[in-house]
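What follows is a set of notes on a single structure, which appears directly below.
The values are calculated or read from the model by the stated rules, or taken from the named source; none is laboratory data. It should be emphasised that the depicted structure is a prediction, and the values quoted were computed from it without experimental measurement. We place every Cβ from the backbone using ideal geometry, glycine too, and count neighbours over all the protein chains shown. Only protein heavy atoms, including side chains, enter the accessible area calculation; ligands, DNA and RNA are left aside. Shrake-Rupley method; radii C 1.70, N 1.55, O 1.52, S 1.80 Å.
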Amino acid sequence: YPLTEIGQTTRSNRKIGLGIMGWADMLFSMLIPYDSEEAVKLADRVFSFIDRESKEASRDLAKKRGPFPNYQLSVYQKNGEPPIRNATTTTIAPTGTISIIAGVSSGIEPLFALAFRRNVLDKANLLEVHQMFKELALREGFYSESLLEKIMEKGTVRGITAVPERYQRVFATSHDVSPEWHIRTQAAFQAHTDNA
């Protein structure tokens with residue numbers, strides 16, 4: 001820590017930040033459009049569960065090892081809540097590189113693209129196609145190389161007649177999702193998040 005005081009405060013609060021990644025992938029697998037009431041309700045349900053369970057586990061730890069040192073100064077103590085081991089338990093992080101390594105969509109964000117070319121060493125580029133979309137398109141019989149080129153050119157499957165309309169809704173990318181739906185999704189998660 002750059003200052004002793006920062007280190008002392010950090011250790012006195014024992015903050016942790018459980019979060020999620022792969023939200024867009026989960027919605028794809030359930031055939032739920034990102035920009036839908038169903039997705040917002042699911043976000044609320046999923047993260048309220050994570051928040052509740054993480055707090056319960058932290059309270060169980062506090063029974064065995066004691067609360068975080070600044071507990072007496074905390075809102076938990078002021079609100080009469082039972083001792084808790086960690087001042088925070090949940091967070092929403094973008095998980096950019098980590099999600100690439102894990103092969104899942106980033107944090108709670110919609111997918112950037114279903115198909116794109118990744119530039120790598122020696123000026124080569126690799127065609128990247130979202131695996132769930134590819135598998136569904138093959139299974140449903142509408143997959144083709146020309147479709148991928150059209151998706152890369154347009155940046156979305158919405159409005160491409162070769163893709164059945166119900167899948168156009170499900171496989172939304174970040175450019176398809178209006179600011180209002182981005183905010184509604186973020187708000188559903190934020191309602192159960194200690195750290196932003």
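Values computed for the structure shown
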| read-out | value |
| --- | --- |
| Anchor Lys134: aspartates and glutamates whose Cα lies under 15 Å away (excluding residues fewer than 8 positions away in-chain) | Asp25, Glu145, Glu149 |
| Sequence-distant residues sharing a close amide H with Leu111 (under 5 Å, placed H) | Ser174 |
| Residues Val120 and Ser178, FRET efficiency given R0 of 30 Å [Cβ-Cβ distance, rounded to 0.05] | 0.35 |
| 20 Å Cα-Cα reach of Lys15 towards lysines, excluding residues that sit fewer than 8 places from it in its own chain | Lys55, Lys63, Lys64, Lys78 |
| In sequence order, calculated HN-Hα J values of the range 139-147 (Karplus, 6.51, -1.76, 1.60; Hz; x Gly/Pro) | 4, 8, x, 10, 6, 7, 5, 5, 5 |
| Estimated dipole of the range 1-40 in Debye, rounded to 20 [Cβ of Lys and Arg +1, of Asp and Glu -1, Cα centre] | 480 debye |
| Apportionment of accessible area to carbon and sulfur, the chain, percent (1.4 Å) | 55 percent |
| Furthest towards positive pole of dipole, Gly107, Asn86, Asn119, structure part the chain, Cβ charges | Asn86 |
| The chain, relative contact order in percent, only Cα pairs under 8 angstrom and at least six apart counted | 30 percent |
| For the range 1-128, diffusion coefficient by Stokes-Einstein and Kirkwood Rh (Cα), 20 °C, 1.002 mPa s, µm²/s | 122 µm²/s |
| Extension gain (nm, one decimal) between Thr97 and Gln190, 0.36 nm per residue minus Cα-Cα | 31.3 nm |
| Dipole magnitude (debye, nearest 20) for the range 1-122, charges at Cβ of Lys, Arg, Asp, Glu | 720 debye |
| Selection from Ser174, Gly159, Thr193, by position along the positive dipole direction of the range 155-196 (Cβ) | Gly159 |
| Whole-Hz ³J(HN,Hα) from phi, Karplus 6.51 cos²θ - 1.76 cosθ + 1.60, for the range 100-107, glycine and proline x | 5, 4, 6, x, 10, 5, 7, x |
| Whole-number accessible area per residue in Å² for the range 83-178, which is evaluated in the context of all protein chains at 1.4 Å | 56 Å² |
| Principal-axis tilt of helix 37-65 within the chain, Cα atoms, nearest 10 degrees | 30 degrees |
| Rounded to the nearest 10 Å², the accessible area of His130 at probe 1.4 Å | 30 Å² |
| In order through the range 181-191: 3J(HN,Hα) via Karplus (6.51 cos²θ - 1.76 cosθ + 1.60), integer Hz, x for Gly, Pro | 6, 4, 5, 5, 5, 4, 5, 4, 6, 4, 4 |
| Extension gain (nm, one decimal) between Glu128 and Asp44, 0.36 nm per residue minus Cα-Cα | 27.1 nm |
| Point-to-point label distance, Glu153-Ala57, nm (Cα→Cβ direction, 7 Å offset) | 4.8 nm |
